[in-house]
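Take a look at the structure below.
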């Protein structure tokens, strides 16, 4: 949780420890950040599903979901797509450079409701970051016994755009999660990796094939709007109710603490009341979501 004794606009100083280029087009990089002060690290406690504001002096700040799990100690991971001034500058930075992290912010996936349930995790594209956090958290030895069967479907447009390939290999090789990776298509120049047993097809079609029962289950889902639009009917046809489905939204967030009002949807602020909402909650909001 955020330390209430500090200025909520004041970031923690952190150092870039490592930068991992995730995709073949270099548009997505994962930044491994370490706190400069041990006391800041001890204050910073978070729950999978939350986000932070990454800040660069003189450039600004951007809201990014936390990709690491609370069970991964000593660092934070953020996967950032290069698409604006702040993210573009961040992509030019090097290990050893200093920046800021403000947070953790927002709510989280409904872990209290998820305990003792079957868990379905559905993700697509760069929105898979907080779901990476969730899978690592679930698979931790101290946590795995809290949950029943875990099924995950993750998709990208092509092999070159898959994130966290080392983790995908690890998850598929384990017996504690039923992991399904898919790509929309295979490019001619891409190298097929048979050990992935990768599907070819859109996420909704893989969900339809692999997720066959809503019994005693909770779904957490995060992805691009098109994926969400076409996955919801699939889940509805299987029998999932809006109360069983939780989505993580990104909606023009700016300040991260509900002060600027840029992310309001009806009477809700995505950064403060979310970014995680049940589908039932979203059904009560205006259609601008």
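Report yes if some residue within the stretch 228-248 is touching a residue at least 12 places away in the same chain (Cβ under 8 Å), on the phi > 0 side of the Ramachandran plot and either part of a loop (DSSP other than H, G, I, E, B) or not assigned by TED's automatic domain parsing to the domain that holds residue 84 (or both); otherwise report no.
yes
Filter the stretch 48-68 down to residues that are in a loop (DSSP other than H, G, I, E, B) and without any contact (Cβ under 8 Å) to a residue 40 or more places away in the chain and give me whichever is nearest to residue 111 (Cα to Cα). It would help to see each step written out before you state the result.
The initial filter retains those residues of the stretch 48-68 that are in a loop (DSSP other than H, G, I, E, B), namely 48-50, 57-59, 66-68.
Those left that are additionally without any contact (Cβ under 8 Å) to a residue 40 or more places away in the chain: 58-59.
Working: 58: 37, 59: 35 Å.
Looking at the filtered set, the residue picked out is 59.
Could you list, in sequence order, all residues of the stretch 33-55 that are more than 21 Å from residue 143 (Cα to Cα) and buried (at least 19 other Cβ atoms within 10 Å of the Cβ)?
33, 35, 51, 52, 53, 54, 55
Mind checking which residues of the stretch 241-267 are more than 17 Å from the chain's Cα centre (by Cα) and buried (at least 21 other Cβ atoms within 10 Å of the Cβ)?
The first filter runs over the stretch 241-267 and keeps only residues more than 17 Å from the chain's Cα centre (by Cα), leaving 241-244, 254-255, 257-267.
Once the filter is applied, which keeps residues that are more than 17 Å from the chain's Cα centre (by Cα) and buried (at least 21 other Cβ atoms within 10 Å of the Cβ), the stretch 241-267 yields only 263.
When you go through 79, 71 one by one, which is the residue that is part of a strand (DSSP E or B), touching a residue at least 12 places away in the same chain (Cβ under 8 Å) and within 21 Å of the chain's Cα centre (by Cα)? Step through it out loud before you land on a result.
Values: 71 fails: part of a strand (DSSP E or B).
Going through 79, 71 in turn, the sole match is 79.
So, in the stretch 133-148, how many residues would count as being surrounded by 17 or more Cβ atoms within 10 Å (Cβ to Cβ) and under 15 Å from residue 174 (Cα atoms)? If you could, list the steps in order and put the result at the bottom.
Here is the first cut: in the stretch 133-148, the ones surrounded by 17 or more Cβ atoms within 10 Å (Cβ to Cβ) are 133-139, 147.
Filter once more, keeping what is under 15 Å from residue 174 (Cα atoms): 135-139.
Counting residues in the stretch 133-148 that are surrounded by 17 or more Cβ atoms within 10 Å (Cβ to Cβ) and under 15 Å from residue 174 (Cα atoms) gives 5.
Could you tell me whether the stretch 251-260 includes any residue that is outside any loop (DSSP other than H, G, I, E, B), closer than 23 Å to residue 133 by Cα and touching a strand residue (DSSP E or B) at 6+ places or on another chain (Cβ under 9 Å)? I'd like the intermediate steps shown before the answer.
Looking only at the stretch 251-260, we keep the residues that are outside any loop (DSSP other than H, G, I, E, B), and these are none.
Looking for residues that are outside any loop (DSSP other than H, G, I, E, B), closer than 23 Å to residue 133 by Cα and touching a strand residue (DSSP E or B) at 6+ places or on another chain (Cβ under 9 Å), one finds none in the stretch 251-260, hence no.
With respect to the numbered conditions (1) more than 26 Å from residue 277 (Cα to Cα); (2) more than 17 Å from the chain's Cα centre (by Cα); (3) outside the structural domain of residue 242 (by TED's automatic domain parsing), which one is the sole condition not fulfilled by residue 142?
The one condition residue 142 does not meet is (3).
Run residue 124 past the list (1) modelled with pLDDT under 95; (2) buried (at least 18 other Cβ atoms within 10 Å of the Cβ); (3) farther than 18 Å from residue 277 by Cα and report the number of the one that doesn't hold.
Every condition holds for residue 124 apart from (3).
Can residue 130 be described as under 25 Å from residue 10 (Cβ atoms), assigned by TED's automatic domain parsing to the domain that holds residue 200 and touching a strand residue (DSSP E or B) at 6+ places or on another chain (Cβ under 7 Å)? Talk me through it step by step, then tell me what you get.
On the way: under 25 Å from residue 10 (Cβ atoms): yes; assigned by TED's automatic domain parsing to the domain that holds residue 200: yes; touching a strand residue (DSSP E or B) at 6+ places or on another chain (Cβ under 7 Å): yes.
Yes; evaluated as a whole, the condition is true for this residue.
For the stretch 172-227, which positions are at positive phi and either modelled with pLDDT of 95 or more or in a strand (DSSP E or B) (or both)?
Across the stretch 172-227, the qualifying residue is only 216.
Looking only at the stretch 3-14, count every residue that is modelled with pLDDT of 50 or more and either over 23 Å from the mean Cα position of the chain (by Cα) or part of a loop (DSSP other than H, G, I, E, B) (or both) and tell me the total.
So the first thing to find is which residues in the stretch 3-14 are modelled with pLDDT of 50 or more, and the list is 3, 5-14.
With the extra rule that they be either over 23 Å from the mean Cα position of the chain (by Cα) or part of a loop (DSSP other than H, G, I, E, B) (or both), the set shrinks to 3, 5-11.
Number satisfying all stated conditions: 8.
For the stretch 15-47, name all the residues that are in contact with a strand residue (DSSP E or B) (Cβ under 9 Å, 6 or more places away or on another chain) and part of a loop (DSSP other than H, G, I, E, B).
22, 23, 27, 36, 37, 44, 45, 46, 47
Looking at the structure I just gave you, is residue 90 touching a residue at least 24 places away in the same chain (Cβ under 8 Å), under 30 Å from residue 37 (Cβ atoms) and assigned to a strand (DSSP E or B)? If you could, list the steps in order and put the result at the bottom.
Numbers: touching a residue at least 24 places away in the same chain (Cβ under 8 Å): yes; under 30 Å from residue 37 (Cβ atoms): yes; assigned to a strand (DSSP E or B): no.
So residue 90 fails the test.
The values are calculated or read from the model by the stated rules, or taken from the named source; none is laboratory data. This is a predicted model, so every value here is computed, not measured. All Cβ positions, glycine included, derive from the backbone under ideal geometry; neighbour counts span all protein chains shown.
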